[in-house]
Amino acid sequence: MVRLTCLLRRKEGLTPAEFHAHWREVHGPLIAASKSGGHVLRYEQHPRPLDDYAGDGDPGFDGVTVQWFESMDAYRAHMVEPDFGEIWADIETFLDTDQLHFVVTEHPRLVMGDDAASFPLA
(Lines give C-alpha, C1' and ligand atoms only; values in the text may rest on other atoms or scores of the structure.)
Protein backbone atom coordinates (compact mmCIF):
# COMPACT_ATOMS: atom_id res chain seq x y z
CA MET A 1 0.00 0.00 0.00
CA VAL A 2 1.31 3.46 -0.90
CA ARG A 3 -0.16 6.90 -0.38
CA LEU A 4 0.25 10.07 -2.41
CA THR A 5 -0.02 13.07 -0.08
CA CYS A 6 -0.19 16.54 -1.64
CA LEU A 7 -0.06 19.94 0.07
CA LEU A 8 -2.23 22.32 -1.93
CA ARG A 9 -2.29 26.07 -2.52
CA ARG A 10 -5.05 27.70 -4.48
CA LYS A 11 -4.35 29.52 -7.72
CA GLU A 12 -3.89 33.27 -7.37
CA GLY A 13 -7.16 35.11 -7.85
CA LEU A 14 -9.36 32.42 -6.29
CA THR A 15 -10.95 33.04 -2.93
CA PRO A 16 -10.72 30.27 -0.36
CA ALA A 17 -14.45 29.55 -0.83
CA GLU A 18 -14.08 29.33 -4.62
CA PHE A 19 -11.09 27.03 -4.27
CA HIS A 20 -12.80 24.68 -1.83
CA ALA A 21 -16.02 24.57 -3.90
CA HIS A 22 -14.11 23.64 -7.06
CA TRP A 23 -12.04 21.01 -5.26
CA ARG A 24 -15.15 19.43 -3.70
CA GLU A 25 -17.70 19.82 -6.50
CA VAL A 26 -15.57 19.54 -9.66
CA HIS A 27 -12.19 17.98 -9.05
CA GLY A 28 -13.21 15.19 -6.66
CA PRO A 29 -16.01 13.93 -8.92
CA LEU A 30 -13.68 14.20 -11.94
CA ILE A 31 -11.18 11.86 -10.30
CA ALA A 32 -13.90 9.49 -9.08
CA ALA A 33 -15.32 9.13 -12.60
CA SER A 34 -11.99 8.78 -14.41
CA LYS A 35 -10.06 5.75 -15.61
CA SER A 36 -7.04 7.27 -13.86
CA GLY A 37 -9.03 7.39 -10.64
CA GLY A 38 -9.85 3.72 -11.08
CA HIS A 39 -6.36 2.97 -9.77
CA VAL A 40 -7.09 4.89 -6.55
CA LEU A 41 -8.35 2.77 -3.64
CA ARG A 42 -9.23 5.77 -1.47
CA TYR A 43 -9.25 9.51 -2.15
CA GLU A 44 -9.35 11.96 0.77
CA GLN A 45 -9.73 15.72 0.76
CA HIS A 46 -8.63 17.49 3.95
CA PRO A 47 -9.74 21.11 3.48
CA ARG A 48 -8.47 23.99 5.57
CA PRO A 49 -11.39 25.43 7.58
CA LEU A 50 -12.68 28.64 6.02
CA ASP A 51 -12.63 30.34 9.42
CA ASP A 52 -8.86 29.70 9.59
CA TYR A 53 -8.20 32.31 6.88
CA ALA A 54 -7.48 35.25 9.17
CA GLY A 55 -5.75 37.74 6.87
CA ASP A 56 -2.40 37.19 8.59
CA GLY A 57 -0.50 37.86 5.36
CA ASP A 58 0.58 34.24 4.87
CA PRO A 59 -2.08 32.24 3.08
CA GLY A 60 -0.42 28.94 3.97
CA PHE A 61 -1.75 25.77 2.44
CA ASP A 62 -5.40 25.42 1.53
CA GLY A 63 -5.63 21.71 2.06
CA VAL A 64 -4.14 18.27 1.82
CA THR A 65 -5.18 15.43 -0.43
CA VAL A 66 -4.34 11.79 0.16
CA GLN A 67 -4.75 9.11 -2.47
CA TRP A 68 -4.22 5.44 -1.60
CA PHE A 69 -2.87 2.96 -4.14
CA GLU A 70 -2.36 -0.80 -3.93
CA SER A 71 1.26 -0.48 -5.08
CA MET A 72 3.82 1.77 -6.77
CA ASP A 73 2.81 0.12 -10.05
CA ALA A 74 -0.80 1.23 -9.50
CA TYR A 75 0.40 4.75 -8.61
CA ARG A 76 2.41 4.93 -11.83
CA ALA A 77 -0.43 3.44 -13.87
CA HIS A 78 -2.88 6.17 -12.86
CA MET A 79 -0.61 8.82 -14.39
CA VAL A 80 -0.38 7.12 -17.78
CA GLU A 81 -4.11 6.64 -18.32
CA PRO A 82 -5.39 8.63 -21.33
CA ASP A 83 -7.69 10.77 -19.15
CA PHE A 84 -4.91 11.86 -16.75
CA GLY A 85 -4.34 14.88 -19.02
CA GLU A 86 -7.91 16.00 -18.36
CA ILE A 87 -7.33 15.71 -14.62
CA TRP A 88 -4.09 17.69 -14.86
CA ALA A 89 -5.81 20.37 -16.95
CA ASP A 90 -8.37 20.76 -14.17
CA ILE A 91 -5.58 20.90 -11.56
CA GLU A 92 -4.11 23.87 -13.42
CA THR A 93 -7.43 25.76 -13.19
CA PHE A 94 -7.55 25.89 -9.40
CA LEU A 95 -4.14 24.96 -7.95
CA ASP A 96 -0.87 26.87 -7.89
CA THR A 97 1.14 24.07 -9.52
CA ASP A 98 4.43 25.85 -8.76
CA GLN A 99 3.59 25.43 -5.06
CA LEU A 100 2.30 21.86 -5.29
CA HIS A 101 4.23 19.72 -2.81
CA PHE A 102 3.81 15.97 -2.69
CA VAL A 103 5.32 12.78 -1.35
CA VAL A 104 4.61 9.10 -1.93
CA THR A 105 4.86 7.06 1.26
CA GLU A 106 4.48 3.46 2.37
CA HIS A 107 1.98 2.18 4.91
CA PRO A 108 2.45 4.20 8.13
CA ARG A 109 4.07 3.02 11.32
CA LEU A 110 1.49 3.76 13.97
CA VAL A 111 3.17 5.34 17.00
CA MET A 112 0.16 6.49 19.03
CA GLY A 113 -3.57 5.96 18.84
CA ASP A 114 -5.84 3.07 17.96
CA ASP A 115 -4.03 -0.26 18.17
CA ALA A 116 -0.58 1.36 18.27
CA ALA A 117 0.74 -1.43 20.49
CA SER A 118 0.00 -4.02 17.79
CA PHE A 119 2.14 -2.26 15.16
CA PRO A 120 5.95 -2.47 15.18
CA LEU A 121 7.88 0.80 14.99
CA ALA A 122 10.61 -0.59 12.75
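Carbon and sulfur together cover what percent of the accessible area of the chain at a 1.4 Å probe radius?
Ligands and nucleic acids excluded, carbon and sulfur reach 57 percent.
Along the charge dipole of the chain, pointing to its positive end and built from +1/-1 on Cβ of Lys, Arg, Asp and Glu, which listed residue (28, 78, 13) has its Cα farthest out?
Positive-most Cα among the choices belongs to 78.
Would you kindly find the accessible area of residue 9, with a 1.4 Å probe and non-protein molecules such as ligands, DNA and RNA excluded, rounding to the nearest 10 Å²?
Only protein atoms counted, so the area is about 60 Å².
Counting each DSSP H run of 4 or more residues in the chain as -39500 (n - 2.57), what helix-only mean residue ellipticity at 222 nm follows after dividing by all residues, to the nearest 500 deg cm²/dmol?
-7500 deg cm²/dmol
Kindly provide the GluC sites (Glu not before Pro) of segment 18-105 that DSSP labels as loop, not H, G, I, E or B, and whose Cβ sees at most 16 other Cβ atoms within 10 Å.
Listed in order of number, the matching sites are 70.
Please grab the % of Cα pairs in the chain that end up more than 19 Å from each other.
The proportion of pairs with Cα distances above 19 Å equals 53 percent.
What net charge is computed for the residues neighbouring residue 18, neighbours being all others with C-beta under 10 Å from the C-beta of residue 18, Lys and Arg scored +1, Asp and Glu -1?
Value of the local net charge: +2.
How much length is gained if the chain between residue 7 and residue 74 is pulled fully straight, taking 0.36 nm per residue apart and subtracting their Cα-Cα distance, in nm to one decimal?
22.0 nm
For residue 95, enumerate residues with amide H under 5 Å from its amide H, sequence gap 5+ or separate chain, H modeled in the peptide plane.
11
How many angstrom lie between the Cα centre of segment 93-108 and the Cα centre of segment 1-32?
That distance is 11 Å.
Which order do 52, 90, 98 take by accessible area at a 1.4 Å probe, largest first?
Largest to smallest exposure gives the sequence 98, 52, 90.
The values are calculated or read from the model by the stated rules, or taken from the named source; none is laboratory data. The structure displayed is predicted, hence computed values, not measured ones. All Cβ positions, glycine included, derive from the backbone under ideal geometry; neighbour counts span all protein chains shown. Keep in mind that these areas ignore ligands, DNA and RNA; they rest on the heavy atoms of the full protein, side chains included. Shrake-Rupley method; radii C 1.70, N 1.55, O 1.52, S 1.80 Å.
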